[in-house]
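Scroll down for the structure; my scribbles are underneath it.
The values are calculated or read from the model by the stated rules, or taken from the named source; none is laboratory data. No experiment lies behind these values; they were computed from the predicted model shown. Backbone-built Cβ (ideal geometry, glycine too); neighbour counts: all protein chains shown. Protein only, heavy atoms only, side chains kept; ligands, DNA and RNA dropped before computing areas. Shrake-Rupley method; radii C 1.70, N 1.55, O 1.52, S 1.80 Å.
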Amino acid sequence: MAVHGHRLRDWAARHDIVLYLGLAYIISWSIWPLVLLNPESSPLVPFGPGLAAILVAFLVGGRAELLGLLRQLGRWRVNPAWYGVALGVPLVVPGLALWAAVAAGAPVPGWEPADLLQVAGSIVVAIVIVGIFEELGWRGFLLPRLQRDYRALPAALIIGLAWFPWHLPELVSDPGQRPLTPFAVYIFSQSVLLAWLYNSTQASLPVVVLFHAAFNTFTKFFLADLQGSPYPYLVAWWVVAGAVAVLAVAAVAYAGSRDLVKGAPRPAH
């Protein structure tokens, strides 16, 4: 039995990336057929990437590898400026998109003080459901492994190649929510920014998780009332995609494509 266990672990170690991606997709897409029975149900299991990372990490390296993966969630002691970036950029970019949509003819939304509490609550929920469960996998597990063989920029773009089609159940079930082309630009560009944040903070998943969760929350909040206005909504999404793409290019120019970190080594996994 021990021999078979070692063989399985060796095989998993050699194919850890493929095994991870396969499990992430299988778990995440497992409930997609239920949409045929209940169109209102979610077509995607958001914790697929995180659960796949936990399973593969334990299979490859046992308890030590798993603890190393989870330990990244506790690396919150970083320069506070990074938390400013993680909250500020996701707030400003959708705000600019809303301004562009209003300029394109969308009505000015009317907000109430209670909406601030709703946004705060949504960020907390997104941190758990979207941020931790996704980022533990995409950035916490997959990015360091890809960076063993690739520079940081290609590694980030490879994750984009996996991350974009992972959203397919949502894109098919509700095609109007995320226009395909700008959403693709947004995903690949955000993948670069998330890799920059991860590497620059020495693998601080709390910063990465907050950035991801805040971007999802603020984008949904600012653009929610625009879906009834197709042209302004498309304008808003292109502004989001374009702004994130410009920021990604700026991050690469500033930090360099090799490590995506200014003057510091890659984070140790």
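Okay, here's what the table says:
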| quantity | calculated |
| --- | --- |
| Residue within segment 220-238 that is within 16 Å of the chain's Cα centre (by Cα), part of a helix (DSSP H, G or I) and either free of Cβ contacts under 8 Å to residues at least 24 places away in the same chain or under 25 Å from I27 (Cβ atoms) (or both) present | yes |
| Neighbours by Cβ (under 8 Å, 6+ apart or cross-chain): first from segment 201-217, within 18 Å of N79 (Cβ to Cβ) and among the hydrophobic types (A, V, I, L, M, F, W, C); second modelled with pLDDT under 95 and buried (at least 24 other Cβ atoms within 10 Å of the Cβ) | V208/G131; V209/G131; L210/G131 |
| Selection within segment 154-177 - open to solvent by less than 50 Å² (accessible area, probe 1.4 Å) and in contact (Cβ under 8 Å) with a residue 24 or more places away in the chain | A155, A156, I159, G160, A162, W163, F164, W166, H167, P169, G176 |
| Failed item in (1) within 25 Å of H6 (Cα to Cα); (2) surrounded by fewer than 16 Cβ atoms within 10 Å (Cβ to Cβ), with R77 passing the rest | (1) |
| Members of segment 192-210 that are open to solvent by less than 30 Å² (accessible area, probe 1.4 Å) and closer than 15 Å to A255 by Cα | V192, L193, L194, A195, L197, Y198, N199, S200, T201 |
| Single condition R151 does not satisfy, out of (1) farther than 16 Å from Q72 by Cβ; (2) at pLDDT 90 or above; (3) open to solvent by less than 60 Å² (accessible area, probe 1.4 Å); (4) among the charged types (D, E, K, R) | (3) |
| From L136, L70, residue being aliphatic (A, V, I, L, M), crowded, with 18+ Cβ neighbours inside 10 Å and more than 25 Å from A250 (Cα to Cα) | L136 |
| Considering residues of segment 239-269 that are at pLDDT below 95 and among the charged types (D, E, K, R) only, the residue nearest to S204 (Cα to Cα) | R266 |
| Count of residues meeting criterion [touching a helix residue (DSSP H, G or I) at 6+ places or on another chain (Cβ under 6 Å) and either in a loop (DSSP other than H, G, I, E, B) or closer than 17 Å to R7 by Cβ (or both)] in segment 58-74 | 3 |
| Residue check for V102: out of contact with any helix residue (DSSP H, G or I) (no Cβ under 7 Å at 6 or more places or on another chain) and not aromatic (F, W, Y) | yes |
| Yes/no for V124 being open to solvent by 60 Å² or more (accessible area, probe 1.4 Å) and either farther than 21 Å from A251 by Cα or in a helix (DSSP H, G or I) (or both) | yes |
| Unmet requirement for A53, which otherwise passes all of (1) free of Cβ contacts under 8 Å to residues at least 60 places away in the same chain; (2) open to solvent by less than 40 Å² (accessible area, probe 1.4 Å); (3) part of a helix (DSSP H, G or I) | (1) |
| Residues of segment 166-181 satisfying the condition of being more than 18 Å from G131 (Cα to Cα) and in a helix (DSSP H, G or I) | L168, P169, L171, V172, S173, L180, T181 |
| Flag for V128 being in contact with a Ser or Thr (Cβ under 8 Å, 6 or more places away or on another chain) and under 23 Å from L67 (Cα atoms) | no |
